[in-house]
Amino acid sequence: MRIDVVSIFPEYLAPLELSLIGKARQDGLLDLRVHDLRDFTTDRHRTVDDTPYGGGAGMVMKPEPWAQALTAVAAEGSGDAAGAGDSGDARKPVLIVPSPAGERFTQATAHQLAEEDQLVFACGRYEGIDERVLEWAADHFTVRPMSLGDYVLNGGEVAVLAMVEAIGRLLPGVVGNPESLVEESHSDGLLEYPVYTKPSSWRDRDVPAVLLSGNHGKIAQWRRHEQYRRTAERRPDLLAGFDAGTLPRADRTAF
Ligand code: SAM
């Protein structure tokens, strides 16, 4: 997969050189490039913002640097695909525009996006990007304004760090043991069960006895019950669309 991130603070994306995502880049599983939006300006001050039409507080990101930057990364991406001898599949790259006014980014979105060939992230700052950029970009990209949650950040970079990590770890070979992706929170509609490691007794607190029993059937049942209990306690909203038939019998009655 190829990922391009455009930002006025490219150094903000440095953590993507670390840990599993950094290793995936080194291993050639992920081609991730960060671009400075100011490199696509033409004036001496490398200006990327201006005052909003209609008045109001704050500044708005100017459209032309974005059009230049996005045109360049789309061309680079399609050049790579052609160079790699691809079958000529003309799938548009996906342009993700982080925004508190976007659709909610979820684990399901991460799975969907992990199937794409190229993702481009456009990090807004100030009051956001001139809306016409999103309209124009629809000719060249599948445009998806995407929110990390119902709160407001200063810029898109933190949202991109989170989204790239969530998507990147789903790419084949990035997480050493793919089994660990199966039983995670949000993989089947419930939160994950509690986990423990050695010692079995710590500061007067014991690991639940069933986990030491060696009885795999009982352990699986306990874990399923704990998933349900934890979800009901912390995120009851998730239970609304959940198929209760997959739960231990005692938990089903609660539906
Ligand atoms: N005026 C905008 C609004 O109210 O919708 C908020 C602009 S915010 C200060 C600046 C930038 O931070 C946004 O353009 C976006 O890139 C990013 N951002 C802020 N909150 C976000 C969120 N919850 N999810 C994703 N990106 C966010």
- request: Filter the range 230-243 down to the residues that are of a type in the set (Gly, Ala, Ser) and at pLDDT 80 or above, then identify the one that is surrounded by the most Cβ atoms within 10 Å (Cβ to Cβ).
  value: Ala232
- prompt: How many residues are in a helix (DSSP H, G or I) and either free of Cβ contacts under 8 Å to residues at least 40 places away in the same chain or over 21 Å from Leu30 (Cα atoms) (or both) when one looks only at the range 130-157?
  reply: 7
- request: Just give me the residues in the range 126-143 being in contact with a Ser or Thr (Cβ under 9 Å, 6 or more places away or on another chain) and surrounded by fewer than 19 Cβ atoms within 10 Å (Cβ to Cβ), in sequence order.
  value: His140
- request: Scan the range 21-47 residue by residue and report those that are in contact with a Lys or Arg (Cβ under 6 Å, 6 or more places away or on another chain) and either of a type outside the set (Asp, Glu) or within 14 Å of the ligand (Cβ to nearest atom) (or both).
  value: Leu32, Arg38, Arg46
- prompt: Are any of the residues in the range 147-160 touching a helix residue (DSSP H, G or I) at 6+ places or on another chain (Cβ under 9 Å), acidic (Asp, Glu) and assigned by TED's automatic domain parsing to the domain that holds Val6?
  reply: yes
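Residues are listed down the side, and each one gets a yes or a no for (1) surrounded by 11 or more Cβ atoms within 10 Å (Cβ to Cβ); (2) touching a residue at least 12 places away in the same chain (Cβ under 8 Å); (3) of a type in the set (Ser, Thr, Tyr); (4) assigned by TED's automatic domain parsing to the domain that holds Val160:
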{"residue": "Ile21", "(1), (2), (3), (4)": "yes, yes, no, yes"}
{"residue": "Ala24", "(1), (2), (3), (4)": "yes, yes, no, yes"}
{"residue": "Gly28", "(1), (2), (3), (4)": "no, no, no, yes"}
{"residue": "Asp31", "(1), (2), (3), (4)": "yes, yes, no, yes"}
{"residue": "Arg38", "(1), (2), (3), (4)": "yes, yes, no, yes"}
{"residue": "Asp43", "(1), (2), (3), (4)": "no, no, no, yes"}
{"residue": "Arg46", "(1), (2), (3), (4)": "yes, no, no, yes"}
{"residue": "Asp49", "(1), (2), (3), (4)": "yes, yes, no, yes"}
{"residue": "Met59", "(1), (2), (3), (4)": "yes, yes, no, yes"}
query: When Val160 is evaluated against the numbered criteria (1) farther than 26 Å from Gly189 by Cβ; (2) of a type in the set (Val, Ile, Thr); (3) more than 11 Å from the ligand (Cβ to nearest atom), which criterion, by number, is the only one it fails?
result: (3)
query: Scanning for something modelled with pLDDT under 95, out of contact with any Ser or Thr (no Cβ under 6 Å at 6 or more places or on another chain), surrounded by 17 or more Cβ atoms within 10 Å (Cβ to Cβ) and assigned by TED's automatic domain parsing to the domain that holds Thr42, does the range 107-116 turn up at least one residue?
result: no
- request: Could you grab me the full set of residues in the range 229-254 that are more than 20 Å from Ile219 (Cβ to Cβ) and of a type outside the set (A, V, I, L, M, F, W, C)?
  value: Glu233, Arg234, Arg235, Pro236, Asp237, Gly241, Asp243, Gly245, Thr253
message: Take residues that are among the basic types (Lys, Arg) and tell me which of the helices (runs of 4 or more DSSP H) falling wholly in the range 10-129 contain 3 or more.
response: none
query: Which of the residues belonging to the range 183-229 are loosely packed, with under 11 Cβ neighbours inside 10 Å and not in a helix (DSSP H, G or I)?
result: Val195, Thr197, Lys198, Pro199, Ser201, Arg203, Asp204, Arg205, Gly214
query: Do we find that Arg125 is within 29 Å of Glu192 (Cα to Cα) and touching a residue at least 40 places away in the same chain (Cβ under 8 Å) in this structure?
result: no
- prompt: Within the range 131-142, is there a residue that is near the ligand (Cβ under 8 Å from one of its atoms) and in the same structural domain as Ile8 (by TED's automatic domain parsing)?
  reply: no
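The values are calculated or read from the model by the stated rules, or taken from the named source; none is laboratory data. Since the model is a prediction, treat every value here as computed from it, not as a measurement. FYI the Cβ positions are ideal-geometry reconstructions off the backbone, even for glycines, and counts take in every protein chain you see.
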